[in-house]
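Notes for the one structure printed next.
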Amino acid sequence: MSRRLSIPDCTVATLYLAPVAVMTVWAWSHHSPRVACAVVLAAALVASVFAAAARTWRLFFVVQFPLIVLAAVFVAYTVSFHMPPGNTLAQILVGASAEEIRGFLSLSAWRWGATLLAVGSAVYLGMALKVSRREIFGAGCSRFTRPTLALLLAGTGYVAADPQQMIDGLALDPAVGSLIFLGGNVPRVHAQMQGSQVRKIPYAGTRRSGEEVHILVVGESARRDSWSAYGYSRATTPMLESLKGEIVLLQDAVADANLTEWSVPIIMTGLPPEGFSIANVHGNLLDLAREAGFRTAWLVNQDPSISVSFGIDADYLEYPPDFKSNINGRHTLDGSLLPAYAREIARSGQARFIGIHMMGAHWEYYRRYPESFGRFGPAGGAASLSMVSMMLDDEKSQSAVVDAYDNATLYTDWFLGRLIEEARALKVPATLTFFPDHGEDLQLLDHEAGHGQPNYTRHAFEIPAFVWMNDAYRRAHPQIAAGIAANASKEIRSHNVFFTEADLMGVKWPGYAATKSFASEEFVPDVGMKHVAGGVLVTRSL
């Protein structure tokens, strides 16, 4: 038999080695020669294991076909997004709906990529089936064994000198990295997003009968004094102002914390800021609603780790894909949640609770709205701003920051209006509550910037909030509607939302306290309770 390599042999060998070659070059340019060497060593180890098991070249290439496909996807993702598949991609895959994934793959760039992958995979498999059946460790192999082992040992010694770089390189091998992602990242993220990190204790909740729909929208970085519904000079909330006869504006809503990682769990669990700890979380509003017979949905356009922290576990989870998120948040607009919201609200025959965690007006403000919402200044004027420029006293830059923030508020107003319009079509009792996580300081107006830090002004805590109730709900529950109206001017805190939302849903449990619900005539404001600023309990003096 001739030892000359055939066309199938050469083609398969090239396709087999291509992912490793690309990742080796990428690791060299983005990390170091040591990491690149670790990629080669990992690939050699994988090949050795399969060679020992397969014994023949044909079987060697055929049985690795699934790994080659995964390796190609691994390389394409890494090169395209400058990072290997990890928790970010796992969160997107776990949270995205089937419709969104199909829509994402229907985009032109992804269609071409999928087509190229399919063609390449077909060529590889077809050629692999034509590779000769020669034994891998046949005659003539021995003369290459010692030099190869010597090179591998030398490479291993070089790589092992820096354990961290060795680990990085092993994880960048396309085959090993793919298995780590599928066997580690995806199951772990799935478990996290099913609430498995929180030890749940049942509430033993019960509810009144009948089909109702309740929506809770958790806003982001919403500053009360920047809403025209509260008297701001710019018309930033025209949609909500047109609904003044339908919504009850809360005049003195105050965040319990000026940081999302604290405030959202407080909203969703009802735990007070004094002594609050994630370790004390044993359930959340979705758990209570589900126990009481509601179908639950959680639509999130935020960092999902926040939801994970308080044990989110919904019947339906929506997390739109966003491959461009950074330290300042996601780039996907809140409007991307509307299709899933429309599907959930249109379900009938069962009581439904829908929670929405929106991106709102989080920095970077200019990324939170489409160009058509640049009413108070073009997005381009703020596009070059950084977190540093956010805090500078340059009036021109800070005017652009305020313009961008007001545009983001205008888009939030539109988004909330769309949610209410969808809910208005319901014939059953329905409510929508909007309560932000915290406010926002603007350098030009407050001489402080952003949120979450120990230095703050009242705008970091004073937030806009409201409750919308349809006519069917007001007729069915006039006492609750009257209670909300009577308490609208009192100080209402983040932890009151949990008890109020339960009241709106008609849910009771042994731990229910009417004094903490601003839907109850027995409501008592917690005006003396401390707040959290920069992770530290403070007595709010503004």
Search the stretch 205-241 for residues being among the hydroxyl-bearing types (Ser, Thr, Tyr) and within 18 Å of Asp334 (Cα to Cα), and hand back the single one that is surrounded by the most Cβ atoms within 10 Å (Cβ to Cβ). Ser221
Kindly list the number of the only condition in (1) farther than 20 Å from Ala90 by Cα; (2) not in a helix (DSSP H, G or I) that fails for Ala314. (1)
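From Gly439, Gly417, Gly450, grab the single residue that is in contact (Cβ under 8 Å) with a residue 12 or more places away in the chain, within 17 Å of Arg368 (Cα to Cα), surrounded by fewer than 17 Cβ atoms within 10 Å (Cβ to Cβ) and not hydrophobic (A, V, I, L, M, F, W, C).
Gly417
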Check whether at least one residue in the stretch 498-514 is in the same structural domain as Ala400 (by TED's automatic domain parsing), crowded, with 20+ Cβ neighbours inside 10 Å and free of Cβ contacts under 8 Å to residues at least 24 places away in the same chain, and report yes or no. yes
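With Thr156, Thr115, Thr145 as the choices, which residue is at pLDDT below 75, among the polar types (S, T, N, Q) and surrounded by 10 or more Cβ atoms within 10 Å (Cβ to Cβ)?
From the options Thr156, Thr115, Thr145, the qualifying one is Thr145.
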I'm trying to understand the selection: among the residues of the stretch 515-542, which are of a type outside the set (D, E, K, R), surrounded by fewer than 17 Cβ atoms within 10 Å (Cβ to Cβ) and at pLDDT 95 or above? Thr515, Val524
By residue number, the members of the stretch 228-258 that are among the charged types (D, E, K, R) and assigned to a loop (DSSP other than H, G, I, E, B) are Arg234, Lys244, Glu246, Asp256
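Across the stretch 218-227, which residue is farthest from Glu462 (Cα to Cα) among those that are outside any loop (DSSP other than H, G, I, E, B) and not aliphatic (A, V, I, L, M)?
Gly219
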Look at the stretch 168-217 and say how many of its residues are over 15 Å from Leu89 (Cα atoms), part of a helix (DSSP H, G or I) and modelled with pLDDT of 85 or more. 5
Would you check if Val35 is under 13 Å from Ala171 (Cα atoms) and either touching a residue at least 60 places away in the same chain (Cβ under 8 Å) or surrounded by fewer than 17 Cβ atoms within 10 Å (Cβ to Cβ) (or both)? yes
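The values are calculated or read from the model by the stated rules, or taken from the named source; none is laboratory data. Keep in mind the model is a prediction, meaning the values are calculated, not measured. Don't worry about glycine lacking a Cβ; one is built from the backbone with ideal geometry, like all the others, and counts go over all protein chains shown.
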